[in-house]
Amino acid sequence: MGGEHCYYHGRLRGVPGSWVALSTCHGLRGMFSDGNFSYGIDALSCPPPLPPQVRRGQRTVQTETKYIELMVVNDHDLFLIVILNTRIVLVAMETWSSQNMVSVGNDPLLTLRDFMKYRKESIKERSDATHLFSGRTFQSSRSGTAYIGGICSLTRGGGVNEYGNVGPMAITLCQSLGQNIGMMWNKERPTAGDCRCPDPWLGCIMEDTGYYLPRKFSRCSVDEYLRFLQQGGGSCLFNKPSKLLDSPECGNGFVEVGEECDCGSHVECARSGGACCKKCTLTHDAMCSNGLCCRGCRYELRGVTCREVTNDCDVPETCPGDSSQCPHNVHKLDGYMCEAGQGRCFGGRCKTRDGQCRGLWGHNSADRFCYEKLNSEGTEKGNCGRDSSGQGWVQCNKQDVLCGFLLCTNMSAKPRFGDLQGDLTSLTIYHQNRYLDCRGGHAVLEDGSDLGYVEDGTPCGPNMMCLDRRCLPVPTFNLSTCPGTSICSHHGTCSNEVRCICDADYTGKDCSVYDPIPDPTPPEGPEKYKVLCSKIRTEHFTMGRSFLTHFSTSSIHTHLIRHFDRKNNHSQHDGYMQFKWLLFKNIHI
């Protein structure tokens, strides 16, 4: 199977479980496996011209980096396809050919902050995550950093990584994207011992140290991703991209120019859609081949649920009746009440102090008096953040105390996420004939985020919400409103796209038109038509150009950043082509 230019990947003829990835650029090099052993082909680096040598070695943690290119190429076909079900699709690339557009220093976190600012202000292409690759060596125990759970966010959906050998670079990118979708480093889990990697020889991707080119996520990493999705994170991952950077290709799972359908590879088509689609052409009488609103080569009826809600701030998506694709995944507009009026929707999640305390420390939020007492003092034990010098603490104004330091009850000694910095706040206060337990701590993630503060969007009073450790009236958030004299005419929900999602039997931009859905007509024969509510379609993420998991077909839209040094353009371009299976790159040599 030929790749673009001089890159090829495939299998050994007649050898099940084998894989091959070769490059004929400037000589033959590559890697192949018979399922038991890996074989590397590479030219020696000594000055006298010598013929290429083929060397054989068992899989070890010290596999040479020169073989990494092909391992990356093959990851989506062989190693990670069975772990997660997400396709990583390259949708854009940017080359910094003359100068860096942001300051790239030794501190990866500072570089990331500047890069995310540049993305927000200057990058017009839409993507779920944007990552920068740099030739600079960061002063960090790892080769980069990324925002935890930042996927889909314009200001937090990204990371920075060192550019280098293809294999380690692929793992670094995989780890960074893992952080973007809510995965933690194993050492940051208090129960990491319960998350032993299923592959002790090669290790798992989110291990902190000690393994070379791991190929799998641990069960805990997968569970963290699922939990991230179920809590409302990653809503953009369910939306299929409208364009790809790569040239149209039958078999990539995307319907492109000149195609009527595309059910994917032979294996994917055999699993779903192959009876309706042959060589990217619909079979006789077929309306569709795959998609959440395609069943038996026919469109599902209007109103059939194709994506269930994941939490209180989500809205269900239903089939339109004239398409095989489920509508874009959306959630309720910020400001909706949730959890029986105890929380507010913000960014697709229901924000409550109780929920944040349970998630971080395992128990509910402390009494309001704890916030009033401690956060007004402006000490490490209670405050509204650091002062401008970065050395002291800011006292919360009386109206802002519920938006400052997060105070909980009976919490564990260590946070479930992040590293504990400083001492725990642990104070018992006698108030109105009862003892109040007031506890808190600074749980800091690798990206610098301190989870020890009340999150933006959390209610702090009647018609009030937290923002940047201040308690503000909801109207000051300038939340948009959907059409209608009342919100969606009382027959729908206003989404984050400021569009009405109408209830069943209603339609129109403001859901004011009554249009009842007709009862389905049973087909001839004993089988009667059944309206099926499809299971939650979630998508996860693995490393490589295009991966699938066992939940469904959403995609991470990615943006690639790359920089070529004028002095070494050709060799670095070859390195880029070897790495094109990955998502984002800024080569700064």
Qualifying residues in the range 321-375 (those that are under 30 Å from F254 (Cβ atoms) and free of Cβ contacts under 8 Å to residues at least 60 places away in the same chain) - the one surrounded by the fewest Cβ atoms within 10 Å (Cβ to Cβ): D322
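Hey, among P473, P483, P459, which residue is touching a residue at least 40 places away in the same chain (Cβ under 8 Å) and either assigned by TED's automatic domain parsing to the domain that holds C345 or surrounded by 13 or more Cβ atoms within 10 Å (Cβ to Cβ) (or both)?
Working: P473 fails: touching a residue at least 40 places away in the same chain (Cβ under 8 Å); P483 fails: touching a residue at least 40 places away in the same chain (Cβ under 8 Å).
Going through P473, P483, P459 in turn, just one is touching a residue at least 40 places away in the same chain (Cβ under 8 Å) and either assigned by TED's automatic domain parsing to the domain that holds C345 or surrounded by 13 or more Cβ atoms within 10 Å (Cβ to Cβ) (or both): P459.
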Filtered residues of the range 109-166 (kept if farther than 23 Å from L226 by Cβ and either touching a Lys or Arg at 6+ places or on another chain (Cβ under 6 Å) or of a type in the set (A, V, I, L, M) (or both)): L109, L110, L112, M116, I123, T130, L132, F133, L154, T155, V160, V166
Filtered residue count, the range 379-397, keeping only those that are buried (at least 16 other Cβ atoms within 10 Å of the Cβ), farther than 22 Å from W361 by Cα and small (G, A, S): 0
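Taking only the range 358-406 into account, find how many residues are assigned to a strand (DSSP E or B), touching a helix residue (DSSP H, G or I) at 6+ places or on another chain (Cβ under 9 Å) and either of a type in the set (S, T, Y) or farther than 18 Å from D437 by Cβ (or both).
Step one: filter the range 358-406 for residues assigned to a strand (DSSP E or B), giving 365, 379, 382, 386, 393, 405.
In the following step, the residues that additionally are touching a helix residue (DSSP H, G or I) at 6+ places or on another chain (Cβ under 9 Å) were identified as 365, 382, 405.
The next check asks that each one be either of a type in the set (S, T, Y) or farther than 18 Å from D437 by Cβ (or both); those that pass are 365.
Counting residues in the range 358-406 that are assigned to a strand (DSSP E or B), touching a helix residue (DSSP H, G or I) at 6+ places or on another chain (Cβ under 9 Å) and either of a type in the set (S, T, Y) or farther than 18 Å from D437 by Cβ (or both) gives 1.
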Residue in the range 416-423 that is modelled with pLDDT under 90, out of contact with any Asp or Glu (no Cβ under 8 Å at 6 or more places or on another chain) and surrounded by 14 or more Cβ atoms within 10 Å (Cβ to Cβ) present: yes
Hits in the range 398-409 - residues which are out of contact with any Asp or Glu (no Cβ under 6 Å at 6 or more places or on another chain) and within 15 Å of H363 (Cβ to Cβ): L406, L407, C408
Strands (runs of 3 or more DSSP E) contained entirely in the range 409-475, each with at least 1 residues that are aliphatic (A, V, I, L, M): 419-431, 434-444, 464-467, 470-473
Residues of the range 424-445 classified as among the β-branched types (V, I, T), buried (at least 18 other Cβ atoms within 10 Å of the Cβ) and closer than 18 Å to C370 by Cα, total: 1
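Name the single residue that is modelled with the highest pLDDT among those in the range 295-326 being under 23 Å from S242 (Cβ atoms) and outside any loop (DSSP other than H, G, I, E, B). Please lay out each step first, then the result.
Quick first cut of the range 295-326, residues under 23 Å from S242 (Cβ atoms) only: 299-300, 302, 306-307, 314-326.
From the residues that got through so far, the ones that are outside any loop (DSSP other than H, G, I, E, B) too are 299, 306-307, 314, 317-318.
Numbers: Y299: 95, C306: 91, R307: 89, D314: 92, E317: 92, T318: 92.
Among residues in the range 295-326 that are under 23 Å from S242 (Cβ atoms) and outside any loop (DSSP other than H, G, I, E, B), the one modelled with the highest pLDDT is Y299.
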Some residue of the range 283-290 being touching a residue at least 40 places away in the same chain (Cβ under 8 Å), under 27 Å from P518 (Cα atoms), charged (D, E, K, R) and not assigned by TED's automatic domain parsing to the domain that holds H442: no
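Of the residues that sit in the range 85-112 and are in a helix (DSSP H, G or I) and in contact (Cβ under 8 Å) with a residue 12 or more places away in the chain, which one is surrounded by the fewest Cβ atoms within 10 Å (Cβ to Cβ)? Spell out how you get there, then give the answer.
As a first pass, look at the range 85-112 and keep what is in a helix (DSSP H, G or I): 108-112.
Adding the requirement that they be in contact (Cβ under 8 Å) with a residue 12 or more places away in the chain leaves 108-109, 111-112.
Numbers: P108: 27, L109: 18, T111: 23, L112: 26.
Filtering the range 85-112 for residues that are in a helix (DSSP H, G or I) and in contact (Cβ under 8 Å) with a residue 12 or more places away in the chain, the one surrounded by the fewest Cβ atoms within 10 Å (Cβ to Cβ) comes out as L109.
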Residue satisfying all of: in the range 213-250; of a type in the set (G, A, S) and surrounded by fewer than 16 Cβ atoms within 10 Å (Cβ to Cβ); farthest from C195 (Cα to Cα) among these: S247
Enumeration of residues in the range 269-294 that are buried (at least 19 other Cβ atoms within 10 Å of the Cβ) and in a helix (DSSP H, G or I): C269
Cβ pairs under 8 Å, 6+ apart, first in the range 135-147 and surrounded by 15 or more Cβ atoms within 10 Å (Cβ to Cβ), second among the aliphatic types (A, V, I, L, M) and modelled with pLDDT under 75: G135/I587; G135/I589
Some residue of the range 337-357 being more than 17 Å from R469 (Cα to Cα), assigned to a helix (DSSP H, G or I) and of a type in the set (G, A, S): yes
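The values are calculated or read from the model by the stated rules, or taken from the named source; none is laboratory data. Keep in mind that this is a model prediction, so the values were computed, not measured. Every residue, glycine among them, receives a Cβ derived from its backbone with ideal geometry; neighbour counts consider all protein chains shown.
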